[in-house]
1. Which ones in segment B:93-118 are over 26 Å from residue B:154 (Cα atoms), more than 7 Å from chain A (Cβ to nearest Cβ) and in contact (Cβ under 8 Å) with a residue 12 or more places away in the chain?
2. Given the criteria crowded, with 20+ Cβ neighbours inside 10 Å, in contact (Cβ under 8 Å) with a residue 40 or more places away in the chain and on the phi > 0 side of the Ramachandran plot, does residue C:101 qualify?
3. If residue C:233 meets every condition in (1) surrounded by 21 or more Cβ atoms within 10 Å (Cβ to Cβ); (2) more than 17 Å from the chain's Cα centre (by Cα); (3) modelled with pLDDT of 85 or more apart from one, which number is that one?
4. For segment A:206-215, give me each residue that is outside any helix (DSSP H, G or I) and on the phi < 0 side of the Ramachandran plot.
5. Count, please, the residues in segment A:216-264 that happen to be away from every other protein chain (no Cβ under 12 Å) and not in a helix (DSSP H, G or I).
6. With respect to the numbered conditions (1) assigned to a helix (DSSP H, G or I); (2) within 14 Å of chain B (Cβ to nearest Cβ); (3) under 29 Å from residue B:228 (Cβ atoms), which one is the sole condition not fulfilled by residue A:67?
7. May I ask you to list the residues in segment C:91-103 that are touching a strand residue (DSSP E or B) at 6+ places or on another chain (Cβ under 9 Å) and more than 8 Å from chain B (Cβ to nearest Cβ)?
8. Here are some residues: C:153, C:148. Which one is at pLDDT 90 or above, on the phi > 0 side of the Ramachandran plot and under 20 Å from the mean Cα position of the chain (by Cα)?
């Protein structure tokens with residue numbers, strides 16, 4: 001039921017190519033039909049899609065909780081900002097470099113993380129998320145401190161007839177599309193299967209000869225690479241960077257995006273990116289919503305929290321899981337109720353992730 | 001000689017104020033441990049619940065003009081009720097769910113409580129008056145803030161109440177049994193699910209004390225408890241996340257270390273939070289059961 | 001009078017069916033044994049009675065339908081279940097274990113009397129009351145489990161493999177005690193045992209389970225003479 005064996009060709013065609021085509025049409029349609037602010041917002045969506053793709057590989061597939069991927073975005077963002085603002089390096093060159101530096105940091109954090117599982121990893125990465133801003137502020141002569149760093153806005157190259165926002169939009173989505181592919185391939189590969197085996201039970205995975213430490217560290221490295229690229233793109237899109245953008249909220253929105261989109265699902269990060277960027281904006285727009293003296297404007301936290309609770313309760317597989325359910329329901333409807341199920345659904349069905357199972361009988365454990 | 005004396009004097013002051021902050025971390029750490037023992041999950045919303053309770057106390061004092069002591073007691077009772085309600089409404093539906101699900105649920109609560117506080121009280125920093133005078137007294141040649149002594153005393157009282165409750169009352173005993181041995185306890189007629197709700201209530205009440213103690217020091221705002229939560233995590237992990245006594249001792253150690261780091265390292269104030277991260281990671285790597293932990297923490 | 005009656009009890013663990021329709025009766029004041037090999041469904045039967053596994057069919061205890069009630073509610077009706085592994089509250093003291101046994105009771109004075117009565121059966125308990133139960137030997141933990149169950153003042157005692165992992169002499173002692181308590185207080189006992197010869201000496205009636213079904217039932221001495229029981233379970 002998981003994506004295992006999804007490279008079976010007929011399933012790949014249905015599960016990837018059709019949505020990919022739809023996605024392409026929508027992608028080119030958006031900048032032609034939206035105003036510059038909306039285009040800018042959709043460029044931001046791509047930034048988050050990239051970061052959430054990475055987090056999804058780490059948490060959704062290898063089963064390691066990270067509340068601290070914002071730290072890797074910070075590494076990517078500051079790599080780009082410092083290289084561009086201080087050394088005048090072209091920003092396009094800094095994007096892969098940011099990813100690589102973040103990946104190196106990811107591996108370095110992934111190694112101690114090997115010994116922490118479940119709740120302990122959540123604690124440590126939570127601390128990491130909180131530590132980013134003060135560390136950046138501490139080295140203010142290097143990072144520019146609270147005041148932040150300004151970058152020159154990225155203009156379209158080659159005399160392309162595009163607005164700045166449109167150019168950023170295409171740049172970010174191009175990067176997202178390029179990075180989507182290896183993520184998709186990884187999931188169906190030996191590596192992806194190893195991750196899922198580890199997620200579903202380390203003991204069994206070891207018994208099957210999987211090197212747990214290698215694959216878990218790899219997941220951290222790759223996840224950090226995606227986060228680093230996302231951080232770099234974000235710095236380019238905003239043309240500004242400061243330590244306060246890397247607060248706990250950023251790391252939390254990544255996790256929220258991954259969960260809401262659907263942990264362990266291929267298309268979940270896209271949905272997650274959309275929600276994470278647009279929900280706060282819509283909350284802002286809802287400023288007219290009043291309940292007595294309380295105004296609900298600009299308070300996305302409450303909305304995010306409620307959305308998480310509702311989804312965790314009714315659809316732990318996230319929006320992607322819901323979409324998959326709707327798709328199968330539609331197909332059954334079209335096939336007619338009497339027809340036998342073909343046993344294989346065409347959507348790759350996301351599965352809720354289970355990390356360390358709750359002890360069922362602690363009594364026995366302690367005797 | 002004079003220089004040496006003043007160095008010792010300032011060092012001693014730092015230690016005392018470290019113990020006072022440590023007492024605050026200890027209260028929140030104890031709250032975390034209470035819930036951890038009962039359901040194997042760290043409650044990421046613990047700090048936010050404490051922050052919310054502190055705002056309630058603030059409102060009782062400034063809007064309803066209640067005397068501090070009355071507001072303090074009332075807030076603890078309200079926090080208890082709030083904790084019970086939160087557990088019944090938001091956590092109970094997820095009883096027995098995987099760890100990741102529970103972590104996400106508590107993070108969702110984190111978001112909701114934080115947003116709600118911002119919605120009701122706004123993000124402007126507020127001063128929360130301390131019940132203790134700002135003067136110092138001389139104890140054995142060292143000037144010690146009454147504020148610090150007061151915080152330590154209040155925390156000691158709270159801890160004494162909590163530990164006596166668990167040690168000497170029927171209900172406390174049942175809560176311990178339910179947390180450690182849920183299945184056996186149910187066979188003895190203990191309504192373990194209800195015990196869980198009581199545990200959340202108790203944790204919220206203890207957390208509320210930490211919030212009301214820290215607010216006069218850091219200003220009251222919806223994000224004030226986040227560093228405190230981090231240090232409380234560090235304290236709980238250091239003490240052994242299963243051990244209530246350990247969490248208290250861990251809190252004091254973390255408090256003193258942070259005070260010294262903040263004072264004697266260059267750029268120390270910014271390094272406090274990263275230092276908390278270092279404590280957590282170092283303990284988990286080198287002594288995963290903490291100083292007082294008994295059980296192996298590895299879960300397969 | 002029949003205190004406990006199981007009718008067509010079926011229980012499943014996920015896709016695996018553990019009980020295929022158990023019928024059994026436990027008369028008030030008697031000791032009844034469930035015999036069978038590992039995996040025959042003995043433990044599952046006990047767990048179904050005390051509400052720890054979902055089941056279908058009917059389980060009547062003392063006029064109440066207890067099928068699929070919550071364990072804590074079944075306990076409150078007067079069913080004390082000493083589970084597999086004895087359910088020791090290991091980190092709590094011996095005394096606290098006994099207090100937890102009386103958790104549901106409000107009659108404080110009677111509880112005090114019962115503490116004395118239980119200590120009469122197990123004279124070592126008072127000296128070791130402050131020790132964590134984890135420090136007790138296996139036999140002592142089993143005795144503590146029974147003592148704890150008695151503190152509930154149960155109408156029915158469910159015992160899951162009380163002999164498991166204990167030396168024969170200790171088993172003897174425990175079984176004698178169970179018999180004495182049954183005789184003196186009229187306490188009804190349903191005991192699960194793998195050691196058939198011991199169980200048949202202890203119990204008046206027994207049921208033999210194989211893969212989730214009752215394959216034989218009868219008076220203990222009858223069963224002890226039965227050829228197939230002797231071959232399969234008594235080993236002679």
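1. B:95, B:102, B:106, B:110
2. no
3. The failed condition is (3).
4. If the condition is that a residue be outside any helix (DSSP H, G or I) and on the phi < 0 side of the Ramachandran plot, then A:208, A:210, A:211 are the ones that fit.
5. So the answer is 5.
6. (1)
7. Selection gives C:93, C:94.
8. Working: C:148 fails: on the phi > 0 side of the Ramachandran plot.
Of C:153, C:148, the one residue that is at pLDDT 90 or above, on the phi > 0 side of the Ramachandran plot and under 20 Å from the mean Cα position of the chain (by Cα) is C:153.
The values are calculated or read from the model by the stated rules, or taken from the named source; none is laboratory data. Since the structure is predicted, the reported quantities are computational estimates derived from the model, not experimental observations. Using ideal geometry, Cβ is built from the backbone for each residue, glycine included, and neighbour counts are taken over all protein chains shown.
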